[in-house]
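What follows is one structure encoded as structure tokens, with my remarks underneath.
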Amino acid sequence: MKFLGFVILGLFLAGPALGQTSPTPTAAPGIPGMTFEHGPAVKYREKFHEPVRCLEVPPQLFHPAPKELAELVPQKASVAGAGPYLGAVFKDPKGEGYVFRLFRNEKLVQELFLHPHGFQVSERGLRLVLARDGEYLALVTPQAFAVFAESTQVGLFQGSEVNAPEVAFVRGQVLWCRHPMGLRERWPKPGEEPYAVCYRSELDGSSREPLFSLEDDVRSLAPNDNPADYYFSVSLRRDGKLWLVDNATGNIFLTSSTGAKLRKWTFPFALERDLEAERELQEWFVGELSAKLGPRLHDATKPREKFEGKTTVNISVLSRASAAGNDLLLVTNTGWKPANAVFWVSSDLRQARCFAVDKLAEKAPGASSFDKYIRLAFTDDALWLREPFGYILWQDLLALEEPGERDAPGEAPPPPGQ
Amino acid sequence: MLDNLKNWALGQSKRLAAAAALVVALAASQPAYALYAACVSTSTQCSYSYHCELFYDDDTSTGIEWGGSFYLC
């Protein structure tokens, strides 16, 4: 009976199939019985038609990192910004742990040796998150994160409420959003607490409480949605308010520091699906799953199984959402065109501008879409690139004139959806 | 006394053989069962990941498979 529900759910979920415009799910080569279909966010995004016009960033605006800074940040370091700070973390070449370096105005202001424990850390997938005041940091992995005050690990967060976490700090507390796992997560029944996706707690993990939930006004994909169709991130503005951004749908909430909704806006731009990137994700998935499913499907000691599977493909529209001052920065995900486009959105959500940094970034022309991801970091005053390592000042970017601006001066109209 | 023991042992082995045959017959007559997978495959910042829930016709779970591949962030 529940399988029937799954089939029906699958039918509802079916958006345009991968690589096609027809709603028919596509078969997965390599796993007979498995089909792919898009999550409902793809259909949802078709409603937004604002044309994307990204200004190419002139190379003369790019400032290479000073030698003394570049020498302190190895290529494999994970780099993050917050407020006026830029931080880097990397495996200690001389020891077991990790080295953390904090910079302000391009000068080293702190160096710490971190020894994360209680969870697995590897350089790939490791992300650094800084508090705006530089007091705390988090080492974030795909399934857990640890909070450090100076070099002491003061909190470890893991479990289903911490899957693929997006982390921020606010006034001595830690905030995070999770990516709900699995298609069979059920929605709460009437009268139950709404499905929480973001939480707040003390730095040691105590006093955990929901910060933001998938309430009716947040479930833009309802009724044919699933918790796994949403993927929120949280970041702290200079004024203490929060940006809560659903990277999957492009819905943006400005909230108080406690998560009370103040304004809602939807990223209004029409992005094009990157079919090549979709195919790469599909092929990667087939390779991964077929290795694990194989023994189950070819067990000679058991009667042969019939196998039927559906895979919902969710490629987030946005890969990054971050505060710079009170403004909001959004980066489009690889899997959509244009990828790695940097959107600056004003603090009042009335203006949005797009900047293309592809030509500044050193990426091999034939790189797979997986490798097209451009590593960026944001501080209040600059956009940092990792390859080549350097920065562009926001004031220089925002001073760039839009084409035709001289003919039609004045503020751009507010983006729709406010 | 020894004969009694032999007869008892023979009886036991026949019963065991019959029980084993019954198990084999049951297994042979059992219809092929169906395995279903409900998966989500995701691409987001620095990663590809997937999460699959596997279950049978009667909705009993037979496990979860998941994995990921990660960029330098």
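The values are calculated or read from the model by the stated rules, or taken from the named source; none is laboratory data. What you are looking at is a predicted structure, and each value in this text was computed from that prediction instead of being measured. All Cβ positions, glycine included, derive from the backbone under ideal geometry; neighbour counts span all protein chains shown.
Looking only at the range B:41-64, filter to residues that are touching a Cys at 6+ places or on another chain (Cβ under 8 Å) and within 7 Å of chain A (Cβ to nearest Cβ); which one of those is farthest from residue A:294 (Cα to Cα)? If you could, list the steps in order and put the result at the bottom.
Our first condition is that a residue be touching a Cys at 6+ places or on another chain (Cβ under 8 Å); within the range B:41-64, this holds for B:45-46, B:50-53, B:64.
Okay, now just the ones that are also within 7 Å of chain A (Cβ to nearest Cβ), so B:45-46, B:50-53.
Details: B:45: 29, B:46: 28, B:50: 17, B:51: 16, B:52: 14, B:53: 15 Å.
Going through the qualifying residues, I end up with B:45.
What residue, among those in the range A:109-153 that are of a type in the set (Gly, Ala, Ser) and under 22 Å from residue A:378 (Cβ atoms), is farthest from the chain's Cα centre (by Cα)?
Of the range A:109-153, the ones of a type in the set (Gly, Ala, Ser) are A:118, A:122, A:125, A:131, A:134, A:138, A:144, A:146, A:149, A:151.
Then drop every residue that is not under 22 Å from residue A:378 (Cβ atoms), which leaves A:125, A:131, A:134, A:138.
Details: A:125: 12, A:131: 18, A:134: 22, A:138: 16 Å.
By that ranking, first place goes to A:134.
Residue-wise test of (1) free of Cβ contacts under 8 Å to residues at least 60 places away in the same chain; (2) surrounded by fewer than 14 Cβ atoms within 10 Å (Cβ to Cβ); (3) over 28 Å from residue B:67 (Cβ atoms).
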residue: A:152; (1), (2), (3): yes, yes, yes
residue: A:158; (1), (2), (3): yes, no, no
residue: A:164; (1), (2), (3): no, no, no
residue: A:173; (1), (2), (3): yes, no, yes
residue: A:179; (1), (2), (3): yes, no, no
residue: A:198; (1), (2), (3): no, no, no
residue: A:209; (1), (2), (3): yes, yes, yes
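May I ask you to say which residue of A:255, A:249 is assigned by TED's automatic domain parsing to the domain that holds residue A:337, polar (S, T, N, Q) and within 17 Å of the chain's Cα centre (by Cα)?
Values: A:255 fails: within 17 Å of the chain's Cα centre (by Cα).
After ruling out the rest, the residue left standing is A:249.
Among the residues of the range A:234-290, which ones are within 14 Å of chain B (Cβ to nearest Cβ) and in a strand (DSSP E or B)? Steps first, please.
Narrowing the range A:234-290 to residues within 14 Å of chain B (Cβ to nearest Cβ): A:234-235, A:245-250, A:271, A:273-290.
Across the range A:234-290, the qualifying residues are A:234, A:235, A:245, A:246, A:273.
Within the range B:21-29, is even one residue facing chain A (nearest Cβ under 7 Å) and at pLDDT below 85? Spell out the reasoning first.
So the first thing to find is which residues in the range B:21-29 are facing chain A (nearest Cβ under 7 Å), and the list is none.
For the range B:21-29, residues facing chain A (nearest Cβ under 7 Å) and at pLDDT below 85: absent.
Out of (1) surrounded by fewer than 20 Cβ atoms within 10 Å (Cβ to Cβ); (2) at pLDDT below 95; (3) in a loop (DSSP other than H, G, I, E, B), what's the single condition that is false for residue A:204?
Only one criterion is unmet by residue A:204, namely (2).
Given the options A:186, A:219, A:238, A:263, name the one that is of a type in the set (Lys, Arg), surrounded by fewer than 21 Cβ atoms within 10 Å (Cβ to Cβ), over 23 Å from the mean Cα position of the chain (by Cα) and assigned by TED's automatic domain parsing to the domain that holds residue A:147.
Working: A:219 fails: over 23 Å from the mean Cα position of the chain (by Cα); A:238 fails: over 23 Å from the mean Cα position of the chain (by Cα); A:263 fails: over 23 Å from the mean Cα position of the chain (by Cα).
Answer to the selection: A:186.
So that you can scan it fast, the table gives a plain yes or no per residue for (1) surrounded by fewer than 18 Cβ atoms within 10 Å (Cβ to Cβ); (2) at pLDDT below 95; (3) assigned to a loop (DSSP other than H, G, I, E, B):
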position	(1), (2), (3)
A:313	no, yes, no
A:322	no, no, no
A:358	yes, yes, yes
A:362	yes, yes, yes
A:371	yes, yes, no
A:377	no, no, no
A:384	no, no, no
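List the strands (runs of 3 or more DSSP E) inside the range A:61-141, counting only whole elements, that have at least 3 residues being at pLDDT 95 or above and more than 14 Å from chain B (Cβ to nearest Cβ).
Output list reads A:98-104, A:107-114.
Kindly indicate whether residue B:67 is more than 7 Å from chain A (Cβ to nearest Cβ), under 29 Å from the mean Cα position of the chain (by Cα) and under 19 Å from residue A:160 (Cα atoms). Explain how you work it out, then say what you get.
Values: more than 7 Å from chain A (Cβ to nearest Cβ): no; under 29 Å from the mean Cα position of the chain (by Cα): yes; under 19 Å from residue A:160 (Cα atoms): yes.
It is false that residue B:67 is more than 7 Å from chain A (Cβ to nearest Cβ), under 29 Å from the mean Cα position of the chain (by Cα) and under 19 Å from residue A:160 (Cα atoms).
Output the residue which, of all residues in the range A:45-60 that are closer than 19 Å to residue A:395 by Cα and either assigned to a strand (DSSP E or B) or not assigned by TED's automatic domain parsing to the domain that holds residue A:251 (or both), is nearest to the chain's Cα centre (by Cα).
The residue in question is A:54.
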